[in-house]
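Take a look at the structure below.
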Amino acid sequence: MRPPLFEAVPNFSEGRDEEKIARIVAPVRAVPGVRVLGLHSDPDHNRSVLTFAGEEEAVLQAAGTLAQVCASEIDLASQTGEHPRMGSLDVLPFVPLEGATLEDAARLARQAGERIAALGFAVYLYEAAATASHRRNLAVVRRGGYEGLAARMGDPLWKPDYGPPQLDPSRGAVAVGARPFLVAFNAYLDTDDVEVARAVARRVRERDGGLPGVKALGLEVGGRAQVSMNLTDLDRTPIPVALEAVRSAASEHGASVESTELVGLAPLEAILQVARHYLELRELEREHVLEVRLWDAQ
């Protein structure tokens, strides 16, 4: 049997300086056994999303390497952007792939958290790796960004799982977790009024009574209002359902969706869900995709 495979989808707090981004990613590419699958950088968010995969030890080594280079290349104290952040390496989720379970990914997250804490980061475990129920939800952990977390670290309930009890102003904190696939999906509205985007986000996100598995923020990006979403349960809320909910909520404020954006990678099933919805292809499965049949035949 082949060893289990894992995906890591770290978010780090640099999305503008292309040379710096290249320096941050290069050591990860150099780790034997690691495949870099994607890199999405956003200058308005000032944030990059890196996707890489491999076997357990290779992915663990790459995560530690990434944390080390983020600590040396990014000064959080001088970093600004539209997206809330609490660390130079901000979020590090592990996703089980072939032969791996969510429990395996949680164990890997805890190992990575210990390594990263040794570099001076405060580490908070979340989702399947969480050690406390009130810190399971990533949105709760990172609420208020660096400043919000710093203000509540004196509370014993918010002592880091690993690392120093106070935040290093240059490094900050990193949330390390284990989770299933999610899709990061943004909708740009035809307005520059960020309050409209915030109202739409409140309408569609689960915590405010919206769609299951949807986390959402309203932001101003590139002079436009953006509804930034993480879709964490594609079985209950696939991309088209989330998009139509955003359209409906936006219309109540006299706005519409101008364009959308996929951040990072999405599993094939998520794309098939979109095609089934809009093309009404109820029987569409992966074997109907030409490239899939070619891959399977190899």
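The values are calculated or read from the model by the stated rules, or taken from the named source; none is laboratory data. In this text the structure is predicted, and so the values were computed from the model without any measurement. Ideal geometry is used to build each Cβ from the backbone, glycine not excepted, and the neighbour counts take in all protein chains shown.
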Q. Does any residue in the range 120-134 that is of a type in the set (Gly, Ala, Ser) come within less than 9 Å, Cβ to Cβ, of a residue that is part of a loop (DSSP other than H, G, I, E, B) and buried (at least 24 other Cβ atoms within 10 Å of the Cβ) six or more places away or on a different chain, and which pairs are these?
A. Gly120/Arg171; Ala122/Met86; Ala122/Arg171
Q | Residues being at pLDDT below 95 and of a type in the set (A, V, I, L, M) - total across the range 225-247 | A | 1
Q. Out of the range 22-50, which residues are more than 20 Å from Glu73 (Cα to Cα) and without any contact (Cβ under 8 Å) to a residue 24 or more places away in the chain?
A. Arg35
Q. Of these, Glu261, Glu269, which one is closer than 29 Å to Gly222 by Cα and either assigned to a helix (DSSP H, G or I) or touching a residue at least 60 places away in the same chain (Cβ under 8 Å) (or both)?
A. Glu261
Q: Consider Glu19 carefully, then state whether it is out of contact with any Ser or Thr (no Cβ under 8 Å at 6 or more places or on another chain) and either in contact (Cβ under 8 Å) with a residue 40 or more places away in the chain or not assigned by TED's automatic domain parsing to the domain that holds Gly113 (or both).
A: no
